[in-house]
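Scroll down for the structure; my scribbles are underneath it.
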Amino acid sequence: MNDSQRSIDDLYAQQFPINIEASESYGYYEDWQRYSLKQKDQLPFGGVKGQVSFYDELGLAPILLKIAEVIHIGGKTTFGLGKVKLID
């Protein structure tokens, strides 16, 4: 890593100091498939589903998660997946 990359990483760490540990979590891998017309075959299309609860001081995490919730930034969003939902 060169000096310019190190300084960018340091700047990023200062602007987004998020050190959070999940207080409770429940997750599982749901495996399913979809048919690809382009490849004319079944493709694996699974992903992780579940819930994570955080407590204590969260820094900027709630803001970033709210952005993810509003703009639907999770994975495979073109298929209606990747949903993030915040519950107070």
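On full extension, the segment bounded by Ile67 and Tyr35 gains 8.4 nm, given 0.36 nm per residue less the C-alpha separation. So which lysines pass the test for Lys40, namely a Cα distance under 30 Å, with those fewer than 8 places away in the same chain ruled out? Cross-link targets: Lys49, Lys76, Lys83. Applying 1/(1 + (r/R0)^6) with R0 = 25 Å to the Cβ-Cβ distance of Lys83 and Gln42 gives a FRET efficiency near 0.60.
Read-outs throughout are calculated quantities, based only on the coordinates presented, and are distinct from any laboratory measurement. Predicted model only: the values in this text are computed from it and were never measured. In this analysis, Cβ positions are derived from the backbone assuming ideal geometry, glycine residues included, and neighbour counts consider all displayed protein chains.
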